[in-house]
1. Show me, bin by bin at 5 Å from 0, the whole-percent P(r) of segment 46-137 based on Cα pairs.
2. For segment 73-202, what is the accessible area per residue in Å², given a 1.4 Å probe and the full set of protein chains?
3. Cα centroids of segment 41-59 and segment 126-202: how far apart, whole angstrom?
4. What percentage of all Cα-Cα pairs in segment 84-202 are separated by more than 22 Å?
5. State the antiparallel share, in %, of DSSP beta bridges confined to the chain, rounding to the nearest 5.
6. With +1 on the Cβ of every Lys and Arg and -1 on the Cβ of every Asp and Glu, and nothing else charged, how large is the dipole of the chain about its Cα centre, in debye rounded to the nearest 20?
7. Rg and Dmax of segment 122-162 over Cα atoms: what are they, in angstrom?
8. Have a look at Ala86, Trp135, Gln114 and report the one farthest towards the positive end of the charge dipole of segment 78-171, computed about the Cα centre with Cβ charges (Lys/Arg +1, Asp/Glu -1).
Amino acid sequence: MSNRSASLGLGLLFSRLRRWPSVLWRLEAQFKGVEFKGRCDILGRPMFSLVKGGHIVIGDGVRIFSSTRGNPLGIAQPSALRAMAAGAQLILGDGVGLSGTALCAGSSIEVGEQTIFGASAMVMDHDFHVPCGEWGWADDCHSNARPIKIGRGVFVGARAIILKGVTIGDRAVIGAGAVLTKDVPARHIAVGNPARIFEPKS
């Protein structure tokens, strides 16, 4: 056996070994109340959390990667899926892909089928905190929340940030590092901070 063949064989073996804990992470999520609609590929341990009355639904064929080697860019943090207020919902359609992605719902985050997120992208439908007293801050994930809806077949680049109240149309592309505060029509491109929106050249 050549060195290259041995190396490929070892790589395949380690890849399979890394995936066996996926069953444990799914069981942990189900114990917390996450609803799975079918198969889910979990690489590395993600963070799932639901408050009482929150709802997380994972479609068939979803991939949730949290392992450092789970993405060509490397993954600096585990994927975090959180329903942070009573009545909050986080719904991932079939075939969605996450790589160290944070999705934090205080109201509603819906992601359409086959949408994928680059390393360390973040989606947040609320501000987490509100002013309290003269100079303090209080935790509040619901009162200022506005729903986010992401369409089908969207690509969200690495470290992009999608903020509350945004709707993204089908097949849109969100560039790496973009900070998105407004809607993106279907098949358009959003890049920059703050994001600017362009119609693709035909």
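1. All Cα pairs, binned at 5 Å, distribute as 3, 15, 22, 22, 17, 10, 6, 3, 2, 0 percent.
2. In whole numbers, segment 73-202 has 47 Å² accessible per residue.
3. So the two Cα centres are separated by 21 Å.
4. 31 percent
5. The answer is about 15 percent antiparallel.
6. Once rounded to the nearest 20, the dipole reads 780 debye.
7. Answer for segment 122-162, Rg first and Dmax second: 14.0, 45 Å.
8. Final value for the positive-end residue is Gln114.
The values are calculated or read from the model by the stated rules, or taken from the named source; none is laboratory data. Everything numeric here is computed off the predicted structure, so don't read it as measured data. Positions of Cβ are backbone-derived with ideal geometry, glycine not excepted, and every protein chain shown enters the neighbour counts. With ligands, DNA and RNA removed, areas are computed over all heavy atoms of the protein, side chains included. Shrake-Rupley method; radii C 1.70, N 1.55, O 1.52, S 1.80 Å.
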